[in-house]
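Reviewing the structure listed below.
The values are calculated or read from the model by the stated rules, or taken from the named source; none is laboratory data. None of these values were measured; they are calculated from a predicted model. Cβ atoms come from the backbone with ideal geometry, glycine included; neighbour counts cover every protein chain shown.
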Amino acid sequence: MRPPAPSQSAPASRPGAFLRFARPLLALFATLLFGLIPSGCRPRPPADLVLHNGREPETIDPHILTGQADGRIGSALFEGLTRFDPVTGSAIAGLAESWSHSPDGKTYTFTLRTNAAWSTGQPITAEDVVWSCQRAVDPKTAADYASQYFYIENGEAICNGAETNLARLGVIATSPRTVRIQLTNPTPFILELLASRVFAVVPRAAIERYGDQWIRSPDLPCSGPYTLESWRVNDRIRLRANPHYWDAAHVRSKVVDVLAGDSPHTALNLYLAGDVDFIVDKDMFPSELAEALQARPDFHRYDYLGAYFVRFNCTRKPFTDPRVRRALALVVNRPRIVERITRMQERPASHLVPFGTGGYTPPAGLEPDLPLARQLLAEAGYPDGAGFPTVEYTFNAESKLHEHIAVELQSTFREALGIRIELRPLEWKTYLNNMSKLDYDMMRSSWIGDYNDPNTFLDLFLSNGGNNRTGWGDPEFDQLIHTANATLDRTRRYELLAQAEARLLHVGAPIVPLYSYVGFYALDTNRITGVHGNLVDEHPFSAIGRLPR
Amino acid sequence: MNLLRRLLLVPLLVWIVATLAFFLMRAAPGGPFDRERAPASKEVEAALKARYHLDESLGRQYLRFLAGLATGDLGPSFKYRHHSVNDILAQALPVSLTLGWLAFGTALGIGIPAGFLGAVYRGRWPDWGGSFLVLAGVCIPTFVLAPLLVLFFSLKLGWLPVALWGSLPQVLLPTFALGLYFAARVSRLLREGLSETLRAPFIMTARAKGLGEFQLLLRHALRPSLLPVISYCGPMLADLLTGSFVIERVFQIPGTGAFFVNSFFSRDYPMMVGLVIVYSALLLLLNLATDLAYRWLDPRVRHA
């Protein structure tokens, strides 16, 4: 065995050894340090407009995307027969210049613009429209929004595999410039539907050639006002105006940078520092600063099609009894939630369909009535809450807001009805999983309308609706919705829908609506033009531009 | 030989970690395609699962994953549907590596002089000043420090950009914010190590021989005192190079930090497993590098 080297002798025995080793190390370190800086930093010419779009898009394939941030890019690149008006958000002519419909409202004929063209300069034909629709509804494409085709002849059958011939879809090219759409019912909101992304016209050749990666393929033909110039995940997408777009002359900003990030505070900082012209995404509003920011002249409030509500699991005791559900709905203090917790000037709503949806007037739901609530609870067998089992209130835990509302509801139910509620915060995917499996007692819920018509909220609760998720079903409610949607006269149709909504809220009460959403956007109107608050929260990029100073 | 054996162990350990990550991710409730909106039809749902092979048995999926891994293909991202995991890593890793390396430089550049001065002037004002900074650096979390830096240097003074990545000025604040905590740790380690060395008998011998103070400190005392710092450098570098969720979020930097956290929440299985592979390989290799550095610096290890 060797004796251990005496530690003190080693350093002294070779003076300078440290520096001898350190010098090459330091040199390597310095090279790496300064060598790496340029690789991470590539300066690019500035854009004409910089938008903060919220989260990184998961996909920008217009048929597959579901998120709002994704949709804004999808719409910038691809257009359908109609598109959203930048001011009102209602449907206006897109690739189609005009249309007409049959007296029964079931057949629409669209005429394409003569100057409708791909960004490559090729004309966009009726065949392109038909192929795009067939792709979207084909189950192989796996588009979540394929359900928007259920209003079109054979749309549902193709989507659920009952009909395998895509050519049987009720979207037919009758000439190179005309498309006929055959509906199963007179669908009053069909023009709004056609403006949604899942009806956008997409390039067949690129998709057939590149498959899943088609959207990042070189020289991608686009049908919308912009083309995709570059894309760095979690950083930015750069859009460049499509020179062959039919309305290219009115595209205000030629180069648009669309930033992606998920911190509202950073988005605000970027805006305050002038690096971002406009924060498009309403989720990028730091709710902790709601009161301070609302006072600023460059923060603009708008109502939009979103409803916050609570679901009851109608297949689980004690919520199998509608009297119990109604009793709970009758004690909720909505103004308190809006004033003390959300604090964004939301409108308390005892009804599901938000105010102003498609010009519809929602019926009043269950307004607070404590004696009636107690009476209903007693009738259900739980006088003063006696014998009422402890139930759970499930919510997704990402936002403090949901937690605060949960605590508020917990104390309301305890004080008013003597009911004990336990809180069950879940991480997002677990929450969604529990919702779809009906594994909950009560659950925080919300819904954002897909188009500006009350049907987008009411048809959720059809007995066989995939998004019902309460286990509740009522043939009479279903019948009212179906009759309404087969009715041509708008006034009569809205009456029927209001009857259905009243039945949902008063008789079935599988849900307790709390409030309708509002959005805020940050924008200095002295600097930027072309942004208008509207119910569908649509702000086409092509209309937005910097004002000359 | 020992080194070679350890180098050969790296792939084996990475494979074990990757396998664990693969199965643990799939044990979490909910799946990548669970969304608020129900799928349009059962056929749509089935087509989606088939496209990503989620309809196959777990064993088959694992074999598919191994086959991909063997060719260096980590698979498609389930969340970012037009990007493969390799695409995303190719974009995000250089950013995180740059930021991490710069922060490493900051940590050593601030930490070593501060620790050195603290030990040499032990109990006097440079030590107190240094200790205060160290304490602040260790105690103030980055999610507080970073916004404060932005508030002061960007929004109030307007000297530096508030966020984003792409130019030299944009690099400064995140580098400093990320490096400060580590600088504090390094400084503390060196101060303790150097203080102890200065009390060692061989220092007294060196002094007695009449060695100049400067030569004594730099040549004789510093070298053994750096050992704790060196052993900390491995994990520190691994931590820094793989990206910081907080800093990348505050400064909206397109690195890997965000993916680390978000790919779990979105059940982006391949992305998560890919990152775990990168992280574990980096950690193992850096630990190996630390041991090598030890050999250089400490003859006791070299001759053991």
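Does the stretch B:276-285 contain at least one residue that is within 13 Å of chain A (Cβ to nearest Cβ) and modelled with pLDDT under 90?
So in the stretch B:276-285, the residues within 13 Å of chain A (Cβ to nearest Cβ) come out as none.
For the stretch B:276-285, residues within 13 Å of chain A (Cβ to nearest Cβ) and modelled with pLDDT under 90: absent.
Let me spell it out: the conditions are (1) out of contact with any strand residue (DSSP E or B) (no Cβ under 7 Å at 6 or more places or on another chain); (2) of a type outside the set (Ser, Thr, Tyr); (3) farther than 25 Å from B:Pro76 by Cα, and A:Glu208 meets all of them except one. Which number is the exception?
Condition not satisfied by A:Glu208: (3).
Do you know which residues across the stretch A:126-150 are more than 9 Å from chain B (Cβ to nearest Cβ) and either touching a Pro at 6+ places or on another chain (Cβ under 9 Å) or not aliphatic (A, V, I, L, M) (or both)?
A:Ala126, A:Glu127, A:Asp128, A:Trp131, A:Ser132, A:Cys133, A:Gln134, A:Arg135, A:Ala136
Before we move on, is B:Gly210 part of a loop (DSSP other than H, G, I, E, B) and more than 26 Å from B:Leu282 (Cα to Cα)?
Working: part of a loop (DSSP other than H, G, I, E, B): yes; more than 26 Å from B:Leu282 (Cα to Cα): yes.
Taking the combined requirement at face value, the residue satisfies it.
State which residue is farthest from A:Ala136 (Cα to Cα) when the search covers only the stretch B:23-53 and only residues that are in a loop (DSSP other than H, G, I, E, B) and within 32 Å of the chain's Cα centre (by Cα). Outline the logic, then answer.
If we filter the stretch B:23-53 for residues that are in a loop (DSSP other than H, G, I, E, B), which is where we start, we get B:28-41, B:52-53.
Next cut, within 32 Å of the chain's Cα centre (by Cα) only: B:28-34, B:52.
Details: B:Ala28: 31, B:Pro29: 29, B:Gly30: 26, B:Gly31: 23, B:Pro32: 21, B:Phe33: 18, B:Asp34: 20, B:Tyr52: 19 Å.
Step by step, filter the stretch B:23-53, then rank; the result is B:Ala28.
Go through the stretch A:264-295 and give me each residue that's in a loop (DSSP other than H, G, I, E, B) and more than 16 Å from B:Pro161 (Cα to Cα).
Just the residues of the stretch A:264-295 that are in a loop (DSSP other than H, G, I, E, B), to begin with: A:273-277, A:280-281, A:285-286, A:295.
Result: A:Val280, A:Asp281, A:Phe285, A:Pro286, A:Ala295.
Name every residue in the stretch B:70-98 that is of a type in the set (A, V, I, L, M, F, W, C), part of a helix (DSSP H, G or I) and out of contact with any Phe, Trp or Tyr (no Cβ under 8 Å at 6 or more places or on another chain), in order of residue number. Before you say what the answer is, go through the steps one by one.
Of the residues in the stretch B:70-98, the ones of a type in the set (A, V, I, L, M, F, W, C) are B:70, B:74, B:78, B:85, B:88-90, B:92-93, B:95, B:97.
Next, from what is left, pick out any that are part of a helix (DSSP H, G or I): B:70, B:85, B:88-90, B:92-93, B:95, B:97.
Residues satisfying the conditions are B:Ala70, B:Val85, B:Leu89, B:Ala90, B:Leu93, B:Leu97.
List the number of the failed condition for B:Ala40; all other conditions in (1) modelled with pLDDT of 90 or more; (2) over 30 Å from B:Pro174 (Cβ atoms); (3) buried (at least 18 other Cβ atoms within 10 Å of the Cβ) hold.
(1)
Residues in the stretch A:433-476 that are among the hydrophobic types (A, V, I, L, M, F, W, C), assigned to a loop (DSSP other than H, G, I, E, B) and facing chain B (nearest Cβ under 10 Å): how many?
Applying the first criterion (among the hydrophobic types (A, V, I, L, M, F, W, C)) to the stretch A:433-476 yields A:435, A:438, A:442-443, A:447-448, A:457-458, A:460-462, A:472.
Still in the running and assigned to a loop (DSSP other than H, G, I, E, B): A:438, A:462, A:472.
Now restrict to residues that are facing chain B (nearest Cβ under 10 Å): none.
Qualifying residue count, the stretch A:433-476: 0.
Can you confirm whether B:Glu196 is under 21 Å from B:Tyr279 (Cβ atoms) and at pLDDT 85 or above?
Details: under 21 Å from B:Tyr279 (Cβ atoms): no; at pLDDT 85 or above: yes.
Taking the combined requirement at face value, the residue does not satisfy it.
Quick check on B:Leu173: is it over 23 Å from B:Leu285 (Cα atoms), in contact with a helix residue (DSSP H, G or I) (Cβ under 7 Å, 6 or more places away or on another chain), more than 8 Å from chain A (Cβ to nearest Cβ) and buried (at least 17 other Cβ atoms within 10 Å of the Cβ)?
Working: over 23 Å from B:Leu285 (Cα atoms): yes; in contact with a helix residue (DSSP H, G or I) (Cβ under 7 Å, 6 or more places away or on another chain): yes; more than 8 Å from chain A (Cβ to nearest Cβ): yes; buried (at least 17 other Cβ atoms within 10 Å of the Cβ): yes.
Judged against the criteria, B:Leu173 is a match.
Just to check your reading of the model, which residue among B:Asp87, B:Asp127, B:Asp73 is surrounded by fewer than 22 Cβ atoms within 10 Å (Cβ to Cβ), of a type outside the set (Phe, Trp, Tyr) and within 9 Å of chain A (Cβ to nearest Cβ)? Give the derivation first.
On the way: B:Asp127 fails: within 9 Å of chain A (Cβ to nearest Cβ); B:Asp73 fails: within 9 Å of chain A (Cβ to nearest Cβ).
Being surrounded by fewer than 22 Cβ atoms within 10 Å (Cβ to Cβ), of a type outside the set (Phe, Trp, Tyr) and within 9 Å of chain A (Cβ to nearest Cβ) holds for just one of B:Asp87, B:Asp127, B:Asp73, which is B:Asp87.
Is it fair to say A:Ala206 is farther than 21 Å from A:Pro225 by Cβ, of a type in the set (Gly, Ala, Ser) and free of Cβ contacts under 8 Å to residues at least 60 places away in the same chain?
Values: farther than 21 Å from A:Pro225 by Cβ: no; of a type in the set (Gly, Ala, Ser): yes; free of Cβ contacts under 8 Å to residues at least 60 places away in the same chain: yes.
Answer is no for this residue.
Here is a yes/no grid of residues against (1) more than 11 Å from every other protein chain (Cβ to nearest Cβ); (2) part of a helix (DSSP H, G or I); (3) within 18 Å of A:Ala267 (Cα to Cα); (4) among the basic types (Lys, Arg):
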site: B:Val144; (1), (2), (3), (4): yes, yes, yes, no
site: B:Trp159; (1), (2), (3), (4): yes, no, no, no
site: B:Leu164; (1), (2), (3), (4): no, no, yes, no
site: B:Pro169; (1), (2), (3), (4): no, yes, no, no
site: B:Thr205; (1), (2), (3), (4): no, yes, no, no
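Would you point out which residue out of A:Tyr308, A:Tyr302 is of a type in the set (Phe, Trp, Tyr) and within 14 Å of chain B (Cβ to nearest Cβ)?
Details: A:Tyr302 fails: within 14 Å of chain B (Cβ to nearest Cβ).
Answer to the selection: A:Tyr308.
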